[in-house]
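J.: Below: one structure in structure tokens.
The values are calculated or read from the model by the stated rules, or taken from the named source; none is laboratory data. Treat the numbers as computed from the prediction; the structure is a model and nothing was measured. Because the Cβ atoms are built from the backbone with ideal geometry, glycine has one as well, and the counts that use them run over all protein chains shown. Each accessible area value is taken on the protein alone, full model and side chains, heavy atoms only, with ligands, DNA and RNA left out. Shrake-Rupley method; radii C 1.70, N 1.55, O 1.52, S 1.80 Å.
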Amino acid sequence: MKIDELIKKYRSPVKMETPVCFLSGGMTGLTKEERCEWRDQVQIDGVLFIDPTVYDPDNLDSDYQQRGYEYCLNGIVNCGIVVVNLNNQKSVGTAQEMMLAWLLDKPIIGLYNSDEPLHPWYKNKLTSLFDNIGTLRLYLKSWAYKERMKWSL
């Protein structure tokens, strides 16, 4: 499916009244706590967070996985910003989500707190990079405020 067809298929006809953020990051091979903890910590009031952990990556049923895949596509196409945890650079889904968000010209905000160098293919897609959740949350608050101000004009 080409990018324009993907947008046509997944773009919501309803304009959201709340800023929307997609939470990207590794899930396969991680515990539920590892998948969810950072996502729970990054969330702030006044933003709708699209969280793919509603799908279990260990359920290998192909129909189930397809629904999870489409949930992520829908979330990325319709969000205003993507927050990505890059502490698991081996996640295929994360890499694909970042590429789609980049192609759609979405801001991509990274969370990475390792001494290991961040792979350039990740690094060159980022709008901003933070090494702690507190600073990332402040960035999201500022972004959400600016989004709401755009709508009120």
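J.: Determine the order of V47, V14 by accessible area, beginning with the largest, at a probe radius of 1.4 Å. List each step's numbers first, then the result.
T.: Details: V47 20, V14 95 Å².
Solvent-accessible surface, decreasing: V14, V47.
J.: What does the charge dipole of region 16-56 about its Cα centre add up to, to the nearest 20 debye, if the Cβ of each Lys and Arg holds +1 and the Cβ of each Asp and Glu holds -1?
T.: Working: 3 positive and 8 negative charges, 25 e Å.
In total the dipole reaches around 120 debye.
J.: With every protein chain in place, what's the accessible area of F49 (1.4 Å probe, Å², nearest 10)?
T.: Counting only protein heavy atoms, F49 exposes about 30 Å² to solvent.
J.: Using amide H atoms built 1.01 Å from N in the peptide plane, name the residues 5+ places from S24, or on other chains, whose amide H lies under 5 Å from its own.
T.: Amide H neighbours of S24, under 5 Å, 5+ apart: V83, V84, N85.
J.: Only four residue types carry charge here, +1 at the Cβ of Lys and Arg and -1 at the Cβ of Asp and Glu. Report the dipole size of region 6-119 about the Cα centre in Debye, rounded to the nearest 20.
T.: On the way: 10 positive and 16 negative charges, 118 e Å.
The dipole magnitude comes to about 560 debye.
J.: Which residue fluctuates the most in the chain, going by a Gaussian network model with Cα springs under 10 Å, if the choices are D105, D63, D40?
T.: D63
J.: Measure up K125/K146; K123/K146; K2/K125 against 30 Å on the Cα-Cα distance and list the ones that go over.
T.: Details: K125/K146 22 Å; K123/K146 25 Å; K2/K125 20 Å.
The pairs that break the limit, which is 30 Å between Cα atoms, do not exist here.
J.: If you don't mind, there's one more thing I want to ask. May I have the convex hull volume per residue, in Å³, for the Cα set of region 10-153? Could the numbers behind the result be given before it?
T.: Working: hull volume 16.2 nm³, N = 144.
So the per-residue hull volume is 112 Å³.
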